[in-house]
Amino acid sequence: GAVVSQHPSWVICKSGTSVKIECRSLDFQATTMFWYRQFPKQSLMLMATSNEGSKATYEQGVEKDKFLINHASLTLSTLTVTSAHPEDSSFYICSVGGRGDEDIQYFGAGTRLSVL
Amino acid sequence: KNEVEQSPQNLTAQEGEFITINCSYSVGISALHWLQQHPGGGIVSLFMLSSGKKKHGRLIATINIQEKHSSLHITASHPRDSAVYICAVRDGNKLVFGAGTILRVKS
């Protein structure tokens, strides 16, 4: 079964509204989760590392006030795209790190955001 | 120059063919991942390698740390193998991704 649940899988919103995406670790407690963005025909780009109980670490060029990350529990991280604009339309994916020495990454199914 | 380079970018194969996808990287790494992304977007982790070779069903992944190169092989390819295959290297706490190889297997 799925290790990581991401919701919603698809969202359409009007420009100026905010959208929240949830990433849940179903099988184990995750102190760290990762948020990626993928443009069409391009590979994944790491946006930020979500740390349980502390502030997220954002990659260079990613606006932290635009992409709010909350990791309030060991099983849930949320990404909120604030005041969304059409250029924010993209595919957003979360992942959870592996357990022990396995270091396998488990990915959510992704959220396709379309901002009108 | 990208830190992780994959080749080929696109690959079309006939069902049953042996397929090889290559990945070269320039950064020092602790591990290399091969991922599979289906048209709907979902990503599955196929392998995590730090040395040698791993096999899972019809998939084989190898890595040469000295040459900074890894290959993903698919034996007896099937149309359901059609997907984007992505190489990602672990650099510290982060994964750095290749651009992906779009594989299409025709029946």
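The values are calculated or read from the model by the stated rules, or taken from the named source; none is laboratory data. Being a predicted model, the structure only gives us computed values, none of them experimental. Cβ coordinates were reconstructed from backbone atoms using ideal geometry, including for glycine residues, and neighbour counts include every protein chain displayed. Protein only, heavy atoms only, side chains kept; ligands, DNA and RNA dropped before computing areas. Shrake-Rupley method; radii C 1.70, N 1.55, O 1.52, S 1.80 Å.
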Residue within the stretch A:30-46 that is open to solvent by less than 30 Å² (accessible area, probe 1.4 Å) and farther than 19 Å from B:GLY41 by Cβ present: yes
Conditions (1) away from chain B (no Cβ under 13 Å); (2) in a strand (DSSP E or B); (3) open to solvent by less than 10 Å² (accessible area, probe 1.4 Å): number failed by A:ALA84: (2)
Qualifying residue in the stretch B:60-83 (condition: within 14 Å of chain A (Cβ to nearest Cβ), assigned to a loop (DSSP other than H, G, I, E, B) and open to solvent by 10 Å² or more (accessible area, probe 1.4 Å)): no
Number of positions in the stretch A:54-77 that are farther than 19 Å from B:GLY92 by Cβ and open to solvent by 70 Å² or more (accessible area, probe 1.4 Å): 6
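Looking at A:ASP27, is it more than 28 Å from A:SER15 (Cβ to Cβ), acidic (Asp, Glu) and open to solvent by 40 Å² or more (accessible area, probe 1.4 Å)? Full working, then the answer.
Numbers: more than 28 Å from A:SER15 (Cβ to Cβ): yes; acidic (Asp, Glu): yes; open to solvent by 40 Å² or more (accessible area, probe 1.4 Å): yes.
So A:ASP27 fits the description; yes.
Among the residues of the stretch B:89-107, which ones are hydroxyl-bearing (Ser, Thr, Tyr) and outside any strand (DSSP E or B)? Give the derivation first.
Filtering the stretch B:89-107 down to residues hydroxyl-bearing (Ser, Thr, Tyr) leaves B:101, B:107.
Once the filter is applied, which keeps residues that are hydroxyl-bearing (Ser, Thr, Tyr) and outside any strand (DSSP E or B), the stretch B:89-107 yields only B:SER107.
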Strands (runs of 3 or more DSSP E) enclosed by the stretch B:1-59 - at least 1 residues per element that are of a type in the set (D, E, K, R) and either open to solvent by 50 Å² or more (accessible area, probe 1.4 Å) or within 14 Å of chain A (Cβ to nearest Cβ) (or both): B:4-7, B:52-56
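Give the stretch B:90-107 a look and list any residue that's within 12 Å of chain A (Cβ to nearest Cβ) and not polar (S, T, N, Q), or say none.
Taking the stretch B:90-107 and keeping what is within 12 Å of chain A (Cβ to nearest Cβ), we get B:90-102.
Result: B:ARG90, B:ASP91, B:GLY92, B:LYS94, B:LEU95, B:VAL96, B:PHE97, B:GLY98, B:ALA99, B:GLY100, B:ILE102.
Can you tell me which residue within the stretch A:6-20, out of those that are in a strand (DSSP E or B), away from every other protein chain (no Cβ under 13 Å) and of a type outside the set (Lys, Arg), is most open to solvent (accessible area, probe 1.4 Å)? Full working, then the answer.
Of the residues in the stretch A:6-20, the ones in a strand (DSSP E or B) are A:6-7, A:10-13, A:19-20.
Next, from what is left, pick out any that are away from every other protein chain (no Cβ under 13 Å): A:7, A:11-13, A:19-20.
Restricting the remaining residues to those that are of a type outside the set (Lys, Arg) gives A:7, A:11-13, A:19.
Numbers: A:HIS7: 116, A:VAL11: 28, A:ILE12: 93, A:CYS13: 15, A:VAL19: 9 Å².
My answer is A:HIS7.
Of the residues A:SER95, A:SER5, A:SER77, which is at pLDDT 90 or above and under 30 Å from B:GLU5 (Cβ atoms)? So that I can check it myself, show each step before the final result.
Numbers: A:SER5 fails: under 30 Å from B:GLU5 (Cβ atoms); A:SER77 fails: under 30 Å from B:GLU5 (Cβ atoms).
Step by step, each of A:SER95, A:SER5, A:SER77 is checked, and only A:SER95 is at pLDDT 90 or above and under 30 Å from B:GLU5 (Cβ atoms).
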Criterion violated by A:ASN51 - all others in (1) within 14 Å of chain B (Cβ to nearest Cβ); (2) polar (S, T, N, Q); (3) surrounded by 15 or more Cβ atoms within 10 Å (Cβ to Cβ); (4) within 21 Å of B:LEU35 (Cα to Cα) satisfied: (4)
